[in-house]
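Working notes, structure below.
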Amino acid sequence: MKSPFTVTTAFVCILLVACLAVAGLVGLALMRSRVQCREQAETTARNLCAVLADSLRTSYEKIDIALRVVEEEIEQRPVTAGLDGRLEDFMERQRAKIPGLFALRSANAAGVIEHGNEVKPGSRISVADRDYFLALKAHPEAGVVFSKPLRSRVTGKWEIVLARRLDRPDGSFGGVVYGALELEKMGARFAALSIGQEGSVSLRDSELALIVRQEGSREMTGQAEVSPEFRARVQAGQEHGTYTAVAPMDGVRRIYVFAKLRPYGQYLHVGLGVREVFEPWRRELRQVLGFAALCLLLLGAS
């Protein structure tokens, strides 16, 4: 006959093995759940980035087509045609076809805006010192050129400009035609995405300077301070990718997906806050640990 001590020892060993088995299964389930939570967040960010990138490319392509059409119309007009309203109506019809395009204008070789919406006759507003104007004047082969973020001298609103060169019949510089996108509306469009309270959507130029973000003041515009993780990927020539980093702008740790918008050289960034991403997992963790503690308590009591 076995002694009570032997029986008790064997029973305690069985309980310990059972407890370890429960703890192992719980840990394995939680690890898998955490991995799935992260993969789901990456997939969500990747999908948002892809959809928004395609939308921006499509918008840029439509604007460029409108610029080409207006460029051809202006270059084919006789010099003696004067400043009648037919060109204004033509440009307005082109502008109205593109959602989000709030300005379509042209400036002469001296940089004075001559045609386009919201341009008052005799206003003599000049864009001769703008970066896009100078680039197109110096480089006839440039094609479509993007401006840095700037404040419109017509409306006073912040915008980015897509511009093309106008040529005179002899091939000399005749001015520019440009379309403008309002940064405030672009930011509102980004903010409408399902990215959570700590999420972030931003658009940066080829030098990583900020063009527009889903929120924040205009003081952030033009800042090129980015995380070392992102800069390293860009310097390595990556055009898309996923990484986790703390944003220098606000100190929030996010899971980021980025994509380069070819052929425009811009970078689109979509980030989801790590704390928000794993909040469902933390709730699950508390529930599972509570259930596991109850099971261990019952096993111990038995």
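Rule-based calculations on the coordinates, nothing more; no lab input. Computed from a predicted model, the values in this text were never measured in an experiment. All Cβ positions, even for glycine, are placed from backbone atoms using ideal geometry, and neighbour counts span all protein chains on display.
All other residues with a Cβ under 15 Å from the Cβ of R262 taken together, and with Lys, Arg as +1 and Asp, Glu as -1, what is their net charge?
-2
For the chain, a Gaussian network of Cα nodes joined below 10 Å ranks V112, V257, V274 by mean-square fluctuation, and the top entry is V112.
Could you work out which residue, out of R57, R151, R77, moves most in a Gaussian network model of the chain, that is, has the largest mean-square fluctuation with Cα springs under 10 Å? So, out of R57, R151, R77, the one fluctuating most is R77. For the residues A292, A259, A128, a GNM of the chain with alpha-carbon springs under 10 Å puts the largest fluctuation on A292. Among the DSSP helices (H) of the chain, those spanning at least 27 angstrom by Cα along their long axis with an average Kyte-Doolittle hydropathy of -1.0 or more are 4-76, 279-301; this is a geometric and hydropathy rule only. Label-to-label distance, F173 versus A135, with points set 7 angstrom from Cα along the beta-carbon direction: 1.4 nm. Charged neighbours of A245, selected by a Cβ distance under 13 Å, balance to +1 (K, R count +1; D, E count -1). Would you please give the FRET efficiency between L28 and K185, computed as 1/(1 + (r/R0)^6) with r the Cβ-Cβ distance and R0 = 41 Å, to the nearest 0.05? The formula returns an efficiency of 0.25 here. Projecting label points 7 angstrom from Cα along Cα→Cβ for Q287 and E239 puts them 4.3 nm apart. Annotation: amide H-H contacts under 5 Å for L261 (H modelled 1.01 Å from N, sequence separation of 5 or more, or interchain): Q266, Y267, L268.
Between K97 and A232, the C-beta separation translates, for a Förster distance of 41 Å, into a calculated FRET efficiency of about 0.50. Taking the Cα of Q36, stepping 7 Å toward and past its beta carbon, and measuring to each backbone N in the range 277-299: which are under 19 Å? Correct set: 277-292.
Residue-wise HN-Hα couplings along the range 111-123, as the Karplus relation 6.51 cos²θ - 1.76 cosθ + 1.60 with θ = phi - 60° gives them from phi, are x, 7, 5, 10, 10, x, 5, 6, 9, 7, x, x, 6 Hz; Gly and Pro carry x. Given the alternatives (1) 171; (2) 138; (3) 147, volume of the Cα convex hull per residue in Å³ as computed for this entry is given by (3). Whole angstrom only: what separates the Cα centroid of the range 98-142 from the Cα centroid of the range 165-194? Between the Cα centres of the range 98-142 and the range 165-194 lies a distance of 9 Å.
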